[in-house]
Each structure stands twice: as C-alpha cells, then as structure tokens.
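K.L.:
Let me begin by handing over the structure; questions about it come next.
The values are calculated or read from the model by the stated rules, or taken from the named source; none is laboratory data. Small disclaimer: the values here were computed from a predicted structure and weren't measured. Glycine gets a Cβ as well: all are built from the backbone with ideal geometry, and neighbour counts include every protein chain shown. Remember, those area values only see protein heavy atoms, side chains included, never the ligands or the DNA or RNA. Shrake-Rupley method; radii C 1.70, N 1.55, O 1.52, S 1.80 Å.
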Amino acid sequence: MRLSLASLANRPLALDRSALNPGIVHLGLGAFARAHTAVFTEKAMELSGESGWGIIGITQRSDTVVQQLAPQDGLFTVAERGQAAAPLHVVSSVLEAVSGRDNPVLVVKRLALPSVAVITLTITEKGYRIDPQTGSLNFEDHQIQSDLAGNPPQTAIGQIVRGLQERCRLGVGPVTVVSCDNFPGNGELTERLVNAFAAALPAAEASPLMDWMDRNVTFPNTMVDRMVPATTPGDIAAVERELDLRDEAAVVAEPFMQWVIEDKFAGPRPRWEDAGAVFSNDVAAWEAAKLRLLNASHSLLAYLGLAASKKTIADAIAVESFRAASERMMFQDVLPTLHLPERLDGETYCKQVLARFANPALGHTTRKVASDGSQKVGLRLLTTVRANLDAGRTPKWAALAVAAWMHHVATTAAGELNDPMAAELHAALPTNRSPASVVHALLGVRNIFDDRLATHAGFAALLEHWYAIIDEHGLEGLGNEILHG
Ligand code: CS2
C-alpha cells in the first residue's frame with residue numbers, strides 16, 4: 001500500500017495537516033530540498049506552533065517527483081544513514097507538488113498567492129542560466145529568450161520574475177527569494193539574474209516591476225549543507241519494509257544538516273532558527289569555506305575515485321592516498337588562503353568533513369558528485385588555484401583535482417558525460433590524447449578557465465604532471481606520487 005494521509009491514518013505526523021497553509025513556494029523539489037529545506041521548515045513549524053509555512057514544491061525539468069508525491073499527499077520519508085541516524089521520519093511540510101514543465105501558468109499563480117512570503121530555490125548550478133563570460137543572465141539561452149518573449153516561463157528565473165510581476169499587479173505583499181544552491185553569494189547572484197531578466201522586459205513592464213521589487217523583494221545569502229545521494233530502488237524497498245507502506249518519494253541522507261542564512265527578509269519568515277538554522281551576517285565566509293573545503297574535496301574524491309573504479313565517496317576515501325590528497329588540499333591549499341567565519345574552527349571542520357565522507361552507509365556515488373563538473377570546477381577549485389597563485393604558492397592538490405576532472409572528461413564518452421557542457425567539452429578534446437594535448441585543449445575552454453589560468457605555464461605544468469600520472473601510472477603509481485612525490 002502506498003504512503004498517504006489515509007494509509008498512515010493512526011500514526012502521528014509532526015504537523016496537523018488540516019491546519020497548514022502555504023507560505024513557501026520551493027523551486028526545484030529534488031531529493032536535496034526534501035531532505036533539507038522541507039525538514040527544517042517542518043521542524044520550525046512543529047516547534048514554533050506556526051502553521052503558515054506549508055510548502056508548494058515546483059519541479060523543474062521532469063514531472064517524476066510530482067508523480068511520486070501527488071498520490072502521497074506530499075508526504076515522504078527521510079531515511080538517515082550512518083552513526084547516530086534518527087529513526088525513519090515521514091515529513092509533512094510539503095502540501096502540493098506542481099510540475100513546472102507541464103503547469104507553468106499554475107506556477108506563476110502559486111508564486112502570487114497572498115499567503116506566500118518566501119520563495120526557496122534548489123535548482124543546482126546549471127538551473128541559474130548564467131553567462132560564464134559576464135556572470136549575469138545568459139541571454140543566448142533559448143528558454144530564457146522564450147520566457148522573456150512572454151511564453152509561460154520554463155526557467156526558474158523566468159518563473160520568479162513572472163511570479164513577482166503578478167504579485168506587483170495584484171498588490172500582494174513582500175516576498176523573500178532564498179537561494180539554497182552552492183554558490184558564493186547565492187542571494188546576490190539570484191538578485192542580479194532576476195534584475196537582469198526584469199530589465200530586459202519591455203520598458204512599460206520593466207520600470208513598474210523594478211520599482212516594486214526595490215521595495216518588496218530581498219535576496220538573502222545562505223549556506224546549505226547535507227549530503228543527499230540519489231535514492232535507489234534498494235532504498236525504497238528498505239523503507240517499505242520498515243514503514244510497511246510504499247514510498248516512491250523517499251530520500252536518504254546523512255544525519256548531519258546545516259543551514260546558515262542572512263537575516264534579510266522582506267516580510268515574515270519561518271522560525272528556522274528553532275530548527276537549528278543559524279542566522280548570520282557572515283554567510284559569504286560560511287559559503288566560501290563550505291565550497292572550497294567540503295565541496296572541493298568531494299569533487300576531488302569523486303574524480304580520483306572514478307579513475308580508480310570506486311563506486312562511492314566512502315570507497316574513494318578508504319584509499320589511503322586519496323584521503324591524504326583530500327586532507328592536503330584542505331590543509332595546504334585551502335586553509336592558508338581562506339578567510340574563515342568567526343565561529344568556525346578550520347581544523348575541526350575539515351576533520352568532520354572527512355568523517356562525513358567516510359560514512360559507509362550513505363552510498364553517495366562518485367558518479368553523482370562528479371556530474372556537472374563544468375559548473376562546479378570554477379567555484380570549488382579554481383578559486384583556490386587563483387588564491388594560491390596570487391599568494392605566490394603552488395596549488396598542488398587543487399591542481400590534482402582539476403587534472404582528475406580533465407581525465408574524467410577525456411575518458412568518458414560524450415553521451416555518458418553527465419554535464420550541460422558535455423558537447424562543448426568533447427568538441428574541444430584533441431584526437432591525440434597525450435596529457436599535454438588534453439590539458440591544453442581543456443584549458444582553452446574559456447567558459448571555465450579565464451585568460452590568466454589558461455596561459456599560466458606553471459599551472460599547466462602541474463596539470464600535465466598529475467594528468468600523466470593518473471593516465472599512465474595506475475592506482476599504485478598515483479598513490480605513491482600523492483604520498484611520497
Ligand atoms: C556534492 C554536493 O554533488 C555534489 O556536487 O558535492 O551535493 C554536496 O553533497 C552537498 O553540497 C553537501 O552539502
């Protein structure tokens with residue numbers, strides 16, 4: 001039998017569903033949002049007694065999650081995996097799931113509901129449609145062009161702006177747009193993209209809207225953290241055995257979760273602090289630390305792991321030399337060039353991150369973390385490369401990570417490479433696959449490497465060195481070079 005309000009009948013939920021009202025529209029209702037944002041929001045409502053923060057979740061590219069959640073009245077299970085894992089928990093904060101692809105008009109309507117005061121986003125890096133050259137909105141993107149032309153919006157930025165326009169037209173109250181994706185300054189970035197879209201509308205639409213936005217919309221920065229692998233059929237079966245109900249929308253997650261939010265809200269907000277979120281004015285430093293320490297070493301382990309046929313991040317970090325490479329990247333390349341937030345102890349943080357990676361129960365695949373590398377390498381690794389070059393240091397370990405990514409790109413068939421730039425990356429690859437030619441070809445991809453990095457002889461030499469070892473010396477040779485080279 002399928003999980004639903006009726007089938008759960010006599011088992012208690014954290015929230016009284018009949019009393020809940022929608023207060024949040026969430027764009028990008030993937031596994032991460034269900035295991036993070038929806039959990040924080042449920043707990044905040046449970047502990048504060050507020051009932052006005054029910055979530056309307058919007059899916060982006062497919063309607064799979066809608067098909068999973070709609071027959072379940074929005075209910076889904078979080079199965080924590082690892083030491084100190086909590087028992088299975090059915091989350092009750094999602095009231096409705098809407099397919100953004102199939103129902104764009106309904107999305108705009110929901111965004112303009114008077115009870116909605118917060119729009120949260122987990123749409124991943126590629127969902128923002130950034131022009132890598134300008135850092136602003138990519139006006140070459142066909143869906144952005146279509147959204148701007150007034151068709152029912154398909155992109156998240158288009159949906160937000162059309163929703164804000166509708167709120168402005170109806171005279172509905174202020175709203176806060178909360179990006180929860182892994183970008184430094186994710187709020188400022190979202191604001192820039194939303195403003196760029198609005199400014200590109202015909203003048204008669206743009207000026208009243210921008211005027212209204214100035215007074216009614218804010219974009220706080222945030223840092224989100226929880227490792228959430230893709231749910232497998234085995235996970236669904238395990239949940240079914242324990243719950244005695246089939247949950248097609250179940251998510252698996254590590255016990256750890258964190259949310260740091262800038263307190264810059266245009267209107268009311270949930271009491272997320274009751275659920276353990278931290279409100280801070282130093283979010284940029286938190287986000288930089290998380291991206292350059294955690295996410296960067298996650299990527300390093302994913303690409304090294306794939307080169308050594310390791311299926312999960314836990315398998316990869318079990319290789320002594322791979323663990324050493326992650327540690328050395330964090331301690332030698334990142335920490336000396338990073339401004340840490342006041343309340344964060346760098347060494348403790350790194351140790352905790354390594355322990356989280358080693359969680360054997362999580363099953364976080366190297367393939368998943370390796371996906372969309374073109375969108376991640378710049379934010380996670382090249383920041384550290386540049387900071388080291390600026391300080392006259394050698395970014396030895398960050399270069400290993402970039403070389404391992406290059407190796408992954410060059411040794412994965414174009415059709416298999418899970419990356420929005422797969423075609424462009426493969427078009428750039430030379431027929432001669434020697435380390436030097438692959439490194440130089442990929443360094444020439446200007447949407448990833450700027451002029452300085454592309455022409456920096458020392459950086460290219462480091463990349464070639466590591467690439468050759470990964471490509472030619474096998475796991476043992478690589479291990480030796482990492483540990484003793
Ligand atoms: C991972 C992140 O897939 C990835 O790129 O590095 O999703 C990571 O698990 C989260 O950011 C952890 O908070």
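K.L.:
Is there any pair linking a residue in segment 295-312 that is near the ligand (Cβ under 9 Å from one of its atoms) to one that is in a loop (DSSP other than H, G, I, E, B) and open to solvent by 20 Å² or more (accessible area, probe 1.4 Å), with Cβ under 7 Å and at least six apart or on different chains, and which?
P.N.:
Asn295/Asn182
K.L.:
Additional query: Test of understanding: among Leu5, Leu47, Leu111, Leu27, which residue is in contact with a Lys or Arg (Cβ under 9 Å, 6 or more places away or on another chain) and surrounded by 23 or more Cβ atoms within 10 Å (Cβ to Cβ)? It would help to see each step written out before you state the result.
P.N.:
Numbers: Leu5 fails: surrounded by 23 or more Cβ atoms within 10 Å (Cβ to Cβ); Leu47 fails: surrounded by 23 or more Cβ atoms within 10 Å (Cβ to Cβ); Leu27 fails: in contact with a Lys or Arg (Cβ under 9 Å, 6 or more places away or on another chain).
None of the others qualify; the one that does is Leu111.
K.L.:
Same structure, new question: Exactly one of these conditions fails for Arg380: (1) without any contact (Cβ under 8 Å) to a residue 60 or more places away in the chain; (2) out of contact with any Gly (no Cβ under 7 Å at 6 or more places or on another chain). Give me its number.
P.N.:
(1)
K.L.:
Of the residues Arg192, Arg226, only one is in the same structural domain as Thr37 (by TED's automatic domain parsing), away from the ligand (no atom under 16 Å from the Cβ) and in contact (Cβ under 8 Å) with a residue 12 or more places away in the chain; which?
P.N.:
Numbers: Arg226 fails: away from the ligand (no atom under 16 Å from the Cβ).
Result: Arg192 is the single residue among Arg192, Arg226 that is in the same structural domain as Thr37 (by TED's automatic domain parsing), away from the ligand (no atom under 16 Å from the Cβ) and in contact (Cβ under 8 Å) with a residue 12 or more places away in the chain.
K.L.:
Within segment 359-400, work out how many residues are assigned to a helix (DSSP H, G or I) and either open to solvent by less than 20 Å² (accessible area, probe 1.4 Å) or within 16 Å of the ligand (Cβ to nearest atom) (or both).
P.N.:
The total comes to 23.
K.L.:
Which one of Thr64, Thr41 is β-branched (Val, Ile, Thr) and free of Cβ contacts under 8 Å to residues at least 60 places away in the same chain?
P.N.:
Numbers: Thr41 fails: free of Cβ contacts under 8 Å to residues at least 60 places away in the same chain.
Among Thr64, Thr41, only Thr64 is β-branched (Val, Ile, Thr) and free of Cβ contacts under 8 Å to residues at least 60 places away in the same chain.
K.L.:
Search segment 429-447 for residues that are part of a helix (DSSP H, G or I) and pair each with any residue that is among the aromatic types (Phe, Trp, Tyr) and open to solvent by less than 20 Å² (accessible area, probe 1.4 Å) when their beta-carbon atoms are under 6 Å apart and the residues are at least 6 apart or on different chains.
P.N.:
Pro435/Tyr467; Val439/Tyr467; Leu443/Phe449
Yes/no per residue for (1) in contact with a helix residue (DSSP H, G or I) (Cβ under 6 Å, 6 or more places away or on another chain); (2) more than 28 Å from Leu354 (Cβ to Cβ); (3) of a type outside the set (Ser, Thr, Tyr):
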site	(1), (2), (3)
Met227	no, no, yes
Thr232	no, no, no
Ala238	no, no, yes
Leu245	yes, yes, yes
Ala253	yes, no, yes
Met257	no, no, yes
Ile261	no, no, yes
Pro270	yes, yes, yes
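K.L.:
How many of the residues making up segment 126-135 are touching a residue at least 24 places away in the same chain (Cβ under 8 Å) and open to solvent by 30 Å² or more (accessible area, probe 1.4 Å)? Show your work before the answer.
P.N.:
Just the residues of segment 126-135 that are touching a residue at least 24 places away in the same chain (Cβ under 8 Å), to begin with: 126-130, 132-133, 135.
Pick out the ones that are also open to solvent by 30 Å² or more (accessible area, probe 1.4 Å) and you get 126, 129-130, 132-133.
Counting residues in segment 126-135 that are touching a residue at least 24 places away in the same chain (Cβ under 8 Å) and open to solvent by 30 Å² or more (accessible area, probe 1.4 Å) gives 5.
K.L.:
Residues to consider are Phe265, Phe256; find the one that is within 12 Å of the ligand (Cβ to nearest atom) and outside the structural domain of Ala358 (by TED's automatic domain parsing). Don't jump to the end; show me each part of the working.
P.N.:
Numbers: Phe265 fails: within 12 Å of the ligand (Cβ to nearest atom).
Just one listed residue meets the conditions, Phe256.
K.L.:
Here is a further query. Answer yes or no: is there a residue in segment 139-161 that is within 25 Å of Glu262 (Cβ to Cβ) and surrounded by fewer than 21 Cβ atoms within 10 Å (Cβ to Cβ).
P.N.:
We begin by selecting, within segment 139-161, every residue within 25 Å of Glu262 (Cβ to Cβ); these are 155-161.
Right, trim to surrounded by fewer than 21 Cβ atoms within 10 Å (Cβ to Cβ) and you get none.
No: segment 139-161 contains no residue that is within 25 Å of Glu262 (Cβ to Cβ) and surrounded by fewer than 21 Cβ atoms within 10 Å (Cβ to Cβ).
K.L.:
Something else about it: If Leu344 satisfies all but one of (1) modelled with pLDDT under 95; (2) buried (at least 18 other Cβ atoms within 10 Å of the Cβ), what's the number of the condition it fails?
P.N.:
(2)
K.L.:
Sticking with this one: Can you name the number of the only condition in (1) under 17 Å from Val228 (Cα atoms); (2) open to solvent by 10 Å² or more (accessible area, probe 1.4 Å); (3) more than 10 Å from the ligand (Cβ to nearest atom) that Leu354 fails?
P.N.:
With respect to (1) under 17 Å from Val228 (Cα atoms); (2) open to solvent by 10 Å² or more (accessible area, probe 1.4 Å); (3) more than 10 Å from the ligand (Cβ to nearest atom), Leu354 is out only on (2).
K.L.:
Report yes if Gln68 is among the polar types (S, T, N, Q), open to solvent by less than 50 Å² (accessible area, probe 1.4 Å) and either modelled with pLDDT under 95 or more than 20 Å from the chain's Cα centre (by Cα) (or both), otherwise no. Before you say what the answer is, go through the steps one by one.
P.N.:
Numbers: among the polar types (S, T, N, Q): yes; open to solvent by less than 50 Å² (accessible area, probe 1.4 Å): yes; either modelled with pLDDT under 95 or more than 20 Å from the chain's Cα centre (by Cα) (or both): yes.
Yes, satisfied.
K.L.:
For segment 110-126, which positions are out of contact with any His (no Cβ under 8 Å at 6 or more places or on another chain) and under 16 Å from Ala266 (Cα atoms)? Steps first, please.
P.N.:
Just the residues of segment 110-126 that are out of contact with any His (no Cβ under 8 Å at 6 or more places or on another chain), to begin with: 110-118, 123-126.
Scanning segment 110-126 gives Leu111, Ala112, Leu113, Pro114, Ser115, Val116, Ala117, Val118.
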